[in-house]
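Each remark here refers to the structure printed beneath this line.
Every read-out reported here was derived from the displayed coordinates using simple, explicitly stated rules and does not represent laboratory data. Computed from a prediction, not measured in an experiment: that's the story for all the values here. In this analysis, Cβ positions are derived from the backbone assuming ideal geometry, glycine residues included, and neighbour counts consider all displayed protein chains.
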Amino acid sequence: MKLFVGLGNPGENYSKNRHNIGFMIVDAIVNHYGGSAWKKKFQGLASEIILDKEKIIFLKPSTFMNLSGQAVSEASRFYKIQPSEICVFHDELDLPFLKLKTKIGGGHAGHNGLRSIQQHLGPDYFRVRVGIGHPGEKSQVASYVLNNFPKNSEADLSILLQSVSEGFPELIKGKQENFLNIINRNRHSKIKLSDTKKVATNHSSGNPVLDKNVDKKKSALERLIEKFR
């Protein structure tokens, strides 16, 4: 695969929305591998990384979700990329929060971004479906996807973004099972590690004190995550 697309809506007001998980993921990957600065291109923002001597292109459409296909189609024509070489990261209502699944082809399941892409390119592109959960009622879906992730989910979201970035080389190779296994393994190990970083009690004063291991210099990825808080 050569073109990786994150779906979302442009602008600061939408940056932390559930609907923007695709943007968050490609931002994390580009940051993790030291990609080029995002530039206005193809009715969106484009970046590149070099991985194993191969150029990988990333795109965040700036058309708003419903017209995402315009940007993806323009980029694919410019680079002469076939739909089978395109991977789209998008939010998925029908999966539990932060559960990932991969898929090739199929319908758009009512997702307006996917619907737009299929209108321009057909259905035969690759997708990474990122679960955001379902509000329970169909009437609540529109407001649900345009609301931010809850504060108490930020740690899990941060771990997921880092895990997807670390597993990304397997996705490029088409090794989808390896990609998902790395994500699951990393998420479980990091969640277990984070559970050990509890607030300790200072017996002399009775005041809570933080584990010293927590107070470390923030990584570039952690600083990126804070943009979505």
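So here's what we get for this one:
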read-out: Selection count where residues are among the hydrophobic types (A, V, I, L, M, F, W, C) and surrounded by fewer than 15 Cβ atoms within 10 Å (Cβ to Cβ), scope segment 63-95; value: 1
read-out: Matching residues in segment 33-57 - criterion: being touching a helix residue (DSSP H, G or I) at 6+ places or on another chain (Cβ under 8 Å) and in a strand (DSSP E or B); value: Lys41, Gly44, Ala46, Ser47, Ile49, Leu51, Glu54, Ile56, Ile57
read-out: Given (1) under 23 Å from Leu180 (Cα atoms); (2) surrounded by 20 or more Cβ atoms within 10 Å (Cβ to Cβ); (3) of a type outside the set (Ser, Thr, Tyr), number of the condition Asp156 does not satisfy; value: (2)
read-out: Selected residue (only one of Asn13, Asn9 is assigned to a helix (DSSP H, G or I) and either of a type outside the set (A, V, I, L, M, F, W, C) or in contact (Cβ under 8 Å) with a residue 12 or more places away in the chain (or both)); value: Asn13
read-out: Residue satisfying all of: in segment 78-129; within 19 Å of the chain's Cα centre (by Cα) and β-branched (Val, Ile, Thr); nearest to Lys2 (Cα to Cα) among these; value: Ile86
read-out: Residues located in segment 58-74, provided they are over 9 Å from Phe42 (Cα atoms) and assigned to a helix (DSSP H, G or I); value: Met65, Asn66, Leu67, Ser68, Gly69
